[in-house]
Amino acid sequence: MIHLDPAGMPWEARWNETLGKTLFRKNLITDPDTGMEVRIVKYPAGVMNKLHTHPCAHGMYVLEGTLVTHAGEFGPGSFVWFPEGETMEHGATATDDVVVLFITNKPFEIHYV
């Protein structure tokens, strides 16, 4: 068993060269056998991750704010699943941060289109 206290963990700032913006995360766990990852991600207000794909499927459970995607906007308590290879964009609204629980099914990579 593993127990973590995400509320007590510091945010890790991650500069995204393509976006010219900083995103924030708290890595919770990575499975060494499958590469599956669980992390908490924060997109600051106004930050959108432009069109991209992933060689993994991933889900986002909205904890705070509104997740803006190519397919609509989703508030707290919503779960959005993105299939492997789908072209997508997602991020925060212009006025508020969004915080999501981010889950992948295998190792994470991002490819901008």
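Relative contact order of the range 37-77, please, whole-number percent, based on alpha carbon pairs below 8 angstrom and at least 6 residues apart. Please list the in-between numbers first.
Working: 21 pairs, mean separation 11.3, N = 41.
So the answer I get is 28 percent.
When 33, 97 are ordered from fewest to most other Cβ atoms inside 10 Å of their Cβ, what list results? Mind dumping the intermediate values first?
Numbers: 33 5, 97 17.
Fewest to most other Cβ atoms nearby, the residues stand as 33, 97.
Placing a label point 7 Å from the Cα of residue 9 along the Cα-to-Cβ direction, the residues of the range 37-57 whose backbone N falls under 13 Å from that point are 37-42. Charged neighbours of residue 76, selected by a Cβ distance under 14 Å, balance to -3 (K, R count +1; D, E count -1). If the chain linking residue 30 and residue 87 were pulled fully straight, counting 0.36 nm for each residue of separation and taking away their Cα-Cα distance, it would gain 18.1 nm.
Note that the range 29-112 shows a convex hull volume over its alpha carbon atoms of 77 Å³ per residue. Highest GNM mean-square fluctuation among 37, 64, 17, for the chain modelled with Cα contacts below 10 Å: 17. With the simple model of a label 7 Å out from the Cα in the direction of the Cβ, residue 50 to residue 112 spans 0.5 nm.
Count the net charge of all other residues whose Cβ sits under 11 Å from the Cβ of residue 30, scoring Lys and Arg as +1 and Asp and Glu as -1. Net charge around residue 30: -1. Checking the a/c ratio against 1.5 first, then a/b against b/c, what shape does the Cα gyration tensor give for the range 1-77? The shape class here is rounded.
None of the figures in this text is laboratory data; all of them are computed from the coordinates on show. What you see is a predicted model; the values in this text were computed from it and never measured. Methodologically, a virtual Cβ is constructed for each residue, glycine included, from the backbone with ideal geometry; neighbour enumeration extends over all protein chains shown.
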